[in-house]
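Below is one structure; the comments refer to it alone.
Bear in mind that the values in this text are calculations on the coordinates, not laboratory data. As the structure is a computational prediction, the values presented were derived from the model and not from experiment. Positions of Cβ are backbone-derived with ideal geometry, glycine not excepted, and every protein chain shown enters the neighbour counts.
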Amino acid sequence: MVEYFLHVLCHFVKEYKININKLKESKLSKVKGYSTCGVPCIDGAYIDFFQEAAASMNSGLVDVMPIPGSSKDLFMPKMAAHRFVQSFISVSVAKHGINHILLCSHLCCGAYEHLGLSLPDEEALQREHIERAKHFLKDQVPLAIGHYLAYSDVDDHGKDNLKTVLSKGLIVDAFIIKPHNMSKRIVKPASECFVEKV
């Protein structure tokens with residue numbers, strides 16, 4: 001499982017071709033400190049939309065956890081993403097004090113391609129998955145955070161961060177990236193799509 005997600009993360013970094021100078025000039029770099037853990041799909045063609053969504057929430061610096069399909073498998077206990085997300089968020093809370101999760105899905109997603117759905121049907125299914133992922137993140141992840149607090153070697157600052165989230169809960173927001181024209185598949189995301197809050 002760990003090897004799989006390391007592979008995904010490497011793919012994500014390669015696809016996104018992170019430009020440090022561009023990040024320094026972006027809206028995200030102007031707000032100091034971490035508050036958000038972002039969960040976008042791994043598809044690098046949609047990075048600008050994810051940054052737009054994060055900036056619209058005044059997220060500041062963002063811990064990024066790419067998952068194929070974003071919210072698609074988060075709420076399914078037997079899927080690798082389920083446990084990985086709980087561990088990642090626990091570490092993110094302890095180290096950076098995040099208290100906000102940002103899901104970001106997109107239509108024409110490869111994780112849904114095998115289903116052969118029309119764009120409206122894919123959107124309906126993705127919205128259902130997003131809602132289920134929100135419930136999972138709010139209800140189940142705090143349990144993992146509590147376990148991490150009890151059984152991991154965490155410094156006092158990390159313990160304070162974990163306790164704060166346990167007492168106040170996680171804030172979960174979601175966005176979906178969709179084309180202006182829902183009758184055809186996305187070819188050029190940058191010119192054909194927009195971000196919509198779910």
Name the single residue, out of those in segment 80-92 being farther than 14 Å from Lys134 by Cβ and touching a Cys at 6+ places or on another chain (Cβ under 8 Å), that is surrounded by the most Cβ atoms within 10 Å (Cβ to Cβ).
Ser92
Is it the case that Val187 is hydrophobic (A, V, I, L, M, F, W, C) and under 21 Å from Asp63 (Cβ atoms)?
no
In segment 158-198, what residues are touching a Gly at 6+ places or on another chain (Cβ under 7 Å) and either among the acidic types (Asp, Glu) or in contact (Cβ under 8 Å) with a residue 60 or more places away in the chain (or both)?
Asn161
Take Ala124 and decide whether it is without any contact (Cβ under 8 Å) to a residue 12 or more places away in the chain, farther than 18 Å from Ser59 by Cβ and hydrophobic (A, V, I, L, M, F, W, C).
yes
